Every structure is written in C-alpha cells, then in structure tokens.
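Structure first, then comments.
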Amino acid sequence: MAGKKVLLLPGAKKILTTVGENIKMARLRRKLSSEQVAERANISRPTLLSIEKGSPGVSIGSYLQVLVVLGLEKDFFLLARDDELGRKLQDARMISKARAPKKIAGHE
C-alpha cells in the first residue's frame, strides 16, 4: 500500500467505510478469521484490515479478491450497472430538431 495517499470527499469516504464494514460483517457471519480470509485472498492481514476499514489506498483488485473468498463476487457486477444519469445524458444528446418532410409543389 505504498505510494500516494488517496484523498476522498466525505461522501465517498462514507461509502468505502460502509463497504468495509459490510465485508467485515460477512467475514464474521461466516466465522472466518482475518488470517484465513487474507491467506485465501492472497493478501496480507494488514491489507484485509485496511479493506475492512474502507481504506481508499487498497487496490480494487484486493477488494474483489476478498469478495470472491466470501462468495460475494456477484455483488461486484452491481457496481455502476444502472447508470441512470448516463442514460439521461445520452438521451438528451439524441434529441434532434427533426422537421416534417418538405411538401413538393403539386403533390398535395
């Protein structure tokens, strides 16, 4: 986890903290130790603890590996799946100022 410190807006930090808490609760419900999950995910125990705290400095791949170990990898597919804003923006660009076809003289 060496490198530049990642700074997040408070709302984004809250999301990561909640994700970390959810991962920890899933681990505890399965009665798995942090050592077991870290070993199965091929990450260090301190990295797992950082994930469970919602650290933004941990790679997304490590988050995914932990979800795989917990059997929650399908949740990863839900990220950004329903892009409502993107669809609205796309639809707004598709609106054209179409006009009715011109009438040809004598063909009314």
Going through segment 16-39 in order, the residues found to be hydrophobic (A, V, I, L, M, F, W, C) and surrounded by 13 or more Cβ atoms within 10 Å (Cβ to Cβ) are 16, 19, 23, 26, 32, 37, 38
query: Are any of the residues in segment 59-80 modelled with pLDDT under 95, in a loop (DSSP other than H, G, I, E, B), open to solvent by 100 Å² or more (accessible area, probe 1.4 Å) and not aliphatic (A, V, I, L, M)?
result: no
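The values are calculated or read from the model by the stated rules, or taken from the named source; none is laboratory data. Please read all numbers here as calculations on a predicted model, not as lab measurements. Cβ: placed from backbone, ideal geometry, glycine included. Neighbour counts: every protein chain shown. What goes into the accessible areas is simple: the full protein's heavy atoms, side chains included, and nothing from ligands, DNA or RNA. Shrake-Rupley method; radii C 1.70, N 1.55, O 1.52, S 1.80 Å.
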